[in-house]
Amino acid sequence: MVFYLSLSLIVFCMAMSLRTLFLPHKIKGKKVSFENFLYLAFIYLTVMIGFGLIYILLELNGLTVFMDGTFGIDDDFFAQLETGFYFSAVTLFSVGYGDIAPIGIGRMIAVTEALIGYTIPAAFVFRAVFDMENNM
């Protein structure tokens, strides 16, 4: 029960963060601004932490979602947490280094995370251009 509640809460928080890209609101009119950078950084941070927590929850629930080289991640909780966040960041910002590989359901989760990682900047730029055109 706690697993499903935690998973639902994590997915909800990520969805609400990504939702801000599609709601009508003002992105600062400047092409480059500190506020826009922070806005984008917080969206990325929310998604990265959310997927990292999903990987950890699944690992703690007995599902192996990634492997380090040829061995599973069998370290203590903090090592698993570090590995989950690292894997999430590498998957979100790139295709990965290859030092940790997703397996099982982790593959589909990693593909979803990579897709989101590639679409966030496109959605942000589209949103900024759309808002600037509406202001003219």
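Consider region 1-23. How many of its residues are under 15 Å from the mean Cα position of the chain (by Cα) and either farther than 24 Å from E59 by Cα or in contact (Cβ under 8 Å) with a residue 60 or more places away in the chain (or both)?
Of the residues in that region, 6 qualify.
Against the condition within 30 Å of V129 (Cβ to Cβ), surrounded by 14 or more Cβ atoms within 10 Å (Cβ to Cβ), touching a helix residue (DSSP H, G or I) at 6+ places or on another chain (Cβ under 8 Å) and at pLDDT 80 or above, how does G50 come out, does it pass? Talk me through it step by step, then tell me what you get.
Values: within 30 Å of V129 (Cβ to Cβ): yes; surrounded by 14 or more Cβ atoms within 10 Å (Cβ to Cβ): yes; touching a helix residue (DSSP H, G or I) at 6+ places or on another chain (Cβ under 8 Å): yes; at pLDDT 80 or above: yes.
Here the answer is yes, as G50 does meet what is asked.
Out of all the residues in region 102-127, which are under 20 Å from T46 (Cβ atoms), open to solvent by 40 Å² or more (accessible area, probe 1.4 Å) and in contact (Cβ under 8 Å) with a residue 24 or more places away in the chain?
Selection gives P121 alone.
Just the residues that are touching a strand residue (DSSP E or B) at 6+ places or on another chain (Cβ under 8 Å) and of a type in the set (D, E, K, R), please, taken from region 74-110.
Matches in region 74-110: D99 only.
Select, from D99, D75, D131, the only residue that is at pLDDT below 75 and loosely packed, with under 13 Cβ neighbours inside 10 Å.
Details: D99 fails: at pLDDT below 75; D131 fails: loosely packed, with under 13 Cβ neighbours inside 10 Å.
Being at pLDDT below 75 and loosely packed, with under 13 Cβ neighbours inside 10 Å holds for just one of D99, D75, D131, which is D75.
Among the residues of region 61-71, is any more than 11 Å from the chain's Cα centre (by Cα), β-branched (V, I, T), open to solvent by 60 Å² or more (accessible area, probe 1.4 Å) and at pLDDT 90 or above? Working first, answer last.
Step one: of region 61-71, the residues more than 11 Å from the chain's Cα centre (by Cα) are 61-71.
Subset that is β-branched (V, I, T): 64-65, 70.
After this cut, where a residue has to be open to solvent by 60 Å² or more (accessible area, probe 1.4 Å) as well, the list is 64, 70.
If we keep only those that are at pLDDT 90 or above too, we end up with none.
No: zero hits.
The values are calculated or read from the model by the stated rules, or taken from the named source; none is laboratory data. The structure presented is a predicted model; accordingly, all values stated were derived computationally and were not measured. Glycine gets a Cβ as well: all are built from the backbone with ideal geometry, and neighbour counts include every protein chain shown. The protein model used for the area step is the full one, side chains on, heavy atoms only, and it has no ligands, DNA or RNA in it. Shrake-Rupley method; radii C 1.70, N 1.55, O 1.52, S 1.80 Å.
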